Amino acid sequence: MSEFTYIAPKKFINSVFGGQKPNNKDNYRVQSLLLILGLGEIMKRNSSGPISLHNNFALIPVQPSTRMTIREIMNLIFPYNSIGEIKRFFTSCYQKNFAFHQKICNELLTSIGYMEKNNPIASFVSIYRLYEQIALSLPIVTLIRKAQFPVTFNDYKQLIDNKAKSDLSVLKNYSENILDPNIGDIDVEFDFSNTTSPNKYVSLLVSLIPHGLRSTHITFNTPVSLRIKNKHMQMIVITFRNRYFHYLFNEKNIDYNDLPYPEEFLEVCNPLFINFYSQMYLDLLGSELYIWG
């Protein structure tokens, strides 16, 4: 369970999205979608009051959250589906992949909750767990997007690079080769201009990208900022986790000299990490809608 609970805007409780508790069970798809859109409030356990959400992670780049009508959400997230299709999907299919969406929702709630509570390190831990969890489901998106179902077992095996862990290999393959180029090829910027050590943070980000890939993965950089293609965000997240949180013997690990203020660094990075994750989650929702809608 998360340290946080989610409070949906009242107008969504009995809306086309199926509400918070259809048939007396939590609809975790709805909650995750509204969290990504920055709608509603969160409450930390033993807290004195709720906190409003401030970021719309469905937009690239991340934008401040604003009030949205149900029609505006439909146009943004489900522009090619009717209200009837969306209502049927969220109300009749909420038990499909139920445990998966429950885990995703709790991790998303925790990552955004700690971000709002100014605890970026705790937020990143949940962000990384989100990336690992979504990677296990991306073959669903892959099969629909790439193979349109008539795929053989050998075709499926080719999605996985045997030189690495299967889930993260699929994540890399999906991000770089399958994700919609209109999302993956967008330049995203890490802007450290308002931090105390911008040069150090830019250098650290550069070091997370293999030397031979920097000319193609880095699209623009200055002493205080760095831009990469959105589709390479997963590389930054995974490599940072491995070098900072998971000490690897005889590897280039991140120590205090490299990153004296990790909270400040992650305050800039975490919104971009969640932003990319949100695009993957919305892609997954679209695939589920295609199958069951």
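The values are calculated or read from the model by the stated rules, or taken from the named source; none is laboratory data. In this text the structure is predicted, and so the values were computed from the model without any measurement. FYI the Cβ positions are ideal-geometry reconstructions off the backbone, even for glycines, and counts take in every protein chain you see. Heavy atoms of the whole protein, side chains included, go into the accessibility calculation; ligands, DNA and RNA do not. Shrake-Rupley method; radii C 1.70, N 1.55, O 1.52, S 1.80 Å.
Every test in (1) among the charged types (D, E, K, R); (2) at pLDDT 70 or above; (3) in contact with a Lys or Arg (Cβ under 9 Å, 6 or more places away or on another chain) is passed by Lys172 save one, and that test is (3).
For Ile86, state whether it is buried (at least 20 other Cβ atoms within 10 Å of the Cβ), over 19 Å from Arg29 (Cβ atoms) and touching a residue at least 60 places away in the same chain (Cβ under 8 Å). Criteria not met by Ile86. Restricting Tyr281, Tyr244, Tyr277, Tyr256 to residues that are outside any helix (DSSP H, G or I) and among the aromatic types (Phe, Trp, Tyr) narrows the list to Tyr256. In region 188-196, the condition of being exposed (fewer than 13 other Cβ atoms within 10 Å of the Cβ) and free of Cβ contacts under 8 Å to residues at least 12 places away in the same chain is met by at least one residue.
Contact map, region 38-50: first residue in contact (Cβ under 8 Å) with a residue 40 or more places away in the chain, second residue basic (Lys, Arg) and open to solvent by 50 Å² or more (accessible area, probe 1.4 Å), Cβ cut-off under 7 Å, separation 6 or more or different chains; pairs are Lys44/Lys117. All of (1) buried (at least 20 other Cβ atoms within 10 Å of the Cβ); (2) modelled with pLDDT of 85 or more; (3) assigned to a helix (DSSP H, G or I); (4) of a type outside the set (Lys, Arg) hold for Ala58 with one exception: (3).
Residues in region 34-49 that are assigned to a loop (DSSP other than H, G, I, E, B) and surrounded by 15 or more Cβ atoms within 10 Å (Cβ to Cβ): Gly38, Leu39, Gly40. Looking at Ile112, is it of a type in the set (Val, Ile, Thr), open to solvent by less than 60 Å² (accessible area, probe 1.4 Å) and in contact (Cβ under 8 Å) with a residue 40 or more places away in the chain? It is true that Ile112 is of a type in the set (Val, Ile, Thr), open to solvent by less than 60 Å² (accessible area, probe 1.4 Å) and in contact (Cβ under 8 Å) with a residue 40 or more places away in the chain. Scoring Tyr277 on the criteria (1) under 20 Å from Val206 (Cα atoms); (2) under 17 Å from the mean Cα position of the chain (by Cα); (3) among the hydroxyl-bearing types (Ser, Thr, Tyr) leaves a single failure, condition (1).
Sub-9 Å Cβ pairs linking a first residue in region 1-19 that is modelled with pLDDT under 80 and part of a loop (DSSP other than H, G, I, E, B) to a second residue that is charged (D, E, K, R) and crowded, with 21+ Cβ neighbours inside 10 Å, at least 6 apart or interchain, are Ser2/Glu107; Phe17/Arg29; Gly18/Arg29, ordered by first then second residue.
Does at least one position in region 122-132 carry a residue that is open to solvent by 50 Å² or more (accessible area, probe 1.4 Å) and either in contact with a Cys (Cβ under 9 Å, 6 or more places away or on another chain) or modelled with pLDDT under 70 (or both)? No, because not a single residue in region 122-132 is open to solvent by 50 Å² or more (accessible area, probe 1.4 Å) and either in contact with a Cys (Cβ under 9 Å, 6 or more places away or on another chain) or modelled with pLDDT under 70 (or both).
Answer with yes or no whether Ile77 is surrounded by fewer than 14 Cβ atoms within 10 Å (Cβ to Cβ) and under 19 Å from Trp292 (Cβ atoms).
Values: surrounded by fewer than 14 Cβ atoms within 10 Å (Cβ to Cβ): no; under 19 Å from Trp292 (Cβ atoms): yes.
So Ile77 fails the test.
Restricting attention to region 74-115, the residues that are of a type in the set (Val, Ile, Thr) and modelled with pLDDT under 90 add up to 3. Considered as a group, the residues in region 253-275 that are among the aliphatic types (A, V, I, L, M) and at pLDDT below 95 include one that is most open to solvent (accessible area, probe 1.4 Å), and that residue is Ile254.
Residues considered: Asn250, Asn177. Of these, the only one that is free of Cβ contacts under 8 Å to residues at least 12 places away in the same chain, under 22 Å from the mean Cα position of the chain (by Cα) and open to solvent by 20 Å² or more (accessible area, probe 1.4 Å) is Asn177.
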